[in-house]
Amino acid sequence: MTAFCAKRNPPTHEFERRLYETPDVKQFLEENKAGLITPKLCYYLAELCRQREVTPSEVVLRADMDKSYGYQLFNGTRKPSRDKLLQLAFGLGLSVEETQDMLKIAGKSLLYPKFMRDAAIMHCLHDGRQIDFVQTVLGDLGLTRLGGVERHGG
């Protein structure tokens, strides 16, 4: 669990229960303001790198991403697409749950296991696969590779 996630106590289901039980949503939001703050994606990525003891350049390389584009994501000057975030998830070696957290923070749609492409990506995340493996699986299934990358062979 990331430091940012740890700050969001209580767990989401408990927080949600309290939200629905409150008679005054304004007061609830004021009292729980700290738990509602969403970190900037670049800070979140920096924290993930710190926790995993990797550099952004290592992550970008493992994510099979253009260096300058990757650095722009890490310094917050560029907003990533959902696919670029998924590439970063593989570059960081994130779990499915950690990837879902990153997608939430970035305001992107979560992986949904009933969508074929998402299911394949989730399976690869769960198994700790690397980006090349993921791209091959997606290509073999006739699905769009992450980042829309078309590769031949491999």
**Prompt:** Going by the conditions given, is residue 84 open to solvent by 30 Å² or more (accessible area, probe 1.4 Å), touching a residue at least 40 places away in the same chain (Cβ under 8 Å) and touching a helix residue (DSSP H, G or I) at 6+ places or on another chain (Cβ under 7 Å)?
**Reply:** yes
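How many of the residues making up segment 62-81 are basic (Lys, Arg), without any contact (Cβ under 8 Å) to a residue 60 or more places away in the chain and part of a helix (DSSP H, G or I)? Can you show your working first?
Keep residues of segment 62-81 that are basic (Lys, Arg), which gives 62, 67, 78-79.
Then keep just the ones that are without any contact (Cβ under 8 Å) to a residue 60 or more places away in the chain; that gives 67, 78-79.
Imposing the further condition that a residue be part of a helix (DSSP H, G or I) reduces the set to 67.
Residues meeting the conditions: 1.
Could you check segment 34-51 and list, in sequence order, the residues that are open to solvent by 80 Å² or more (accessible area, probe 1.4 Å), assigned to a helix (DSSP H, G or I) and at pLDDT below 95?
Initial filter on segment 34-51 (open to solvent by 80 Å² or more (accessible area, probe 1.4 Å)): 34, 37-38, 40, 43, 50.
Among the residues that remain, those that are also assigned to a helix (DSSP H, G or I) are: 34, 43, 50.
If the condition is that a residue be open to solvent by 80 Å² or more (accessible area, probe 1.4 Å), assigned to a helix (DSSP H, G or I) and at pLDDT below 95, then 34, 43 are the ones that fit.
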**Request:** Could you tell me which numbered condition residue 68 fails, if it satisfies all but one of (1) hydroxyl-bearing (Ser, Thr, Tyr); (2) under 22 Å from residue 148 (Cα atoms); (3) surrounded by 11 or more Cβ atoms within 10 Å (Cβ to Cβ)?
**Result:** (3)
**Complete:** Of the residues in segment 45-61, those that are closer than 19 Å to residue 101 by Cβ and touching a residue at least 12 places away in the same chain (Cβ under 8 Å) number 10
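Evaluate segment 145-152: report whether one residue or more is basic (Lys, Arg), open to solvent by 40 Å² or more (accessible area, probe 1.4 Å), in contact with a Gly (Cβ under 7 Å, 6 or more places away or on another chain) and not in a helix (DSSP H, G or I).
Of the residues in segment 145-152, the ones basic (Lys, Arg) are 145, 151.
Those left that are additionally open to solvent by 40 Å² or more (accessible area, probe 1.4 Å): 151.
Of the ones still in play, those that are also in contact with a Gly (Cβ under 7 Å, 6 or more places away or on another chain) are 151.
Filter once more, keeping what is not in a helix (DSSP H, G or I): 151.
Checked against the condition, which is being basic (Lys, Arg), open to solvent by 40 Å² or more (accessible area, probe 1.4 Å), in contact with a Gly (Cβ under 7 Å, 6 or more places away or on another chain) and not in a helix (DSSP H, G or I), segment 145-152 yields at least one hit.
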**Item:** Meets criteria (in a helix (DSSP H, G or I), open to solvent by less than 80 Å² (accessible area, probe 1.4 Å) and either over 29 Å from residue 35 (Cα atoms) or free of Cβ contacts under 8 Å to residues at least 12 places away in the same chain (or both)) for residue 135
**Value:** yes
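Check whether at least one residue in segment 122-132 is among the aliphatic types (A, V, I, L, M) and either open to solvent by 70 Å² or more (accessible area, probe 1.4 Å) or not in a helix (DSSP H, G or I) (or both), and report yes or no. Reasoning before the result, please.
If we filter segment 122-132 for residues that are among the aliphatic types (A, V, I, L, M), which is where we start, we get 122, 125, 131.
Going one step further and asking which of them are either open to solvent by 70 Å² or more (accessible area, probe 1.4 Å) or not in a helix (DSSP H, G or I) (or both), we end up with none.
No, segment 122-132 contains no residue that is among the aliphatic types (A, V, I, L, M) and either open to solvent by 70 Å² or more (accessible area, probe 1.4 Å) or not in a helix (DSSP H, G or I) (or both).
The values are calculated or read from the model by the stated rules, or taken from the named source; none is laboratory data. Keep in mind it's a predicted model, so treat the numbers as computed, not measured. We place every Cβ from the backbone using ideal geometry, glycine too, and count neighbours over all the protein chains shown. With ligands, DNA and RNA removed, areas are computed over all heavy atoms of the protein, side chains included. Shrake-Rupley method; radii C 1.70, N 1.55, O 1.52, S 1.80 Å.
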